[in-house]
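The values are calculated or read from the model by the stated rules, or taken from the named source; none is laboratory data. This is a predicted model, so every value here is computed, not measured. In this analysis, Cβ positions are derived from the backbone assuming ideal geometry, glycine residues included, and neighbour counts consider all displayed protein chains.
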């Protein structure tokens with residue numbers, strides 16, 4: 001398993017496209033289902049998707065080949 005980086009926070013400037021506060025942190029076990037749902041929704045209407053992306057993310061997690069999800 002790769003070493004976790006400390007959480008980072010970023011708040012875009014007032015003239016930036018996003019006014020939300022974003023926190024980047026290591027994935028927690030409670031995040032798994034939400035990540036799957038977001039991944040499914042993101043690719044649901046993509047013209048070349050076979051709607052298997054959430055399975056790919058699951059396998060990356062299972063085999064320790066994680067990045068940002």
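Looking across segment 42-69, just one residue is touching a residue at least 60 places away in the same chain (Cβ under 8 Å) and either in a strand (DSSP E or B) or exposed (fewer than 13 other Cβ atoms within 10 Å of the Cβ) (or both), and that is 64. Scanning segment 1-41 for residues that are at pLDDT below 90 and outside any loop (DSSP other than H, G, I, E, B) turns up 8, 9, 10, 22, 23, 24.
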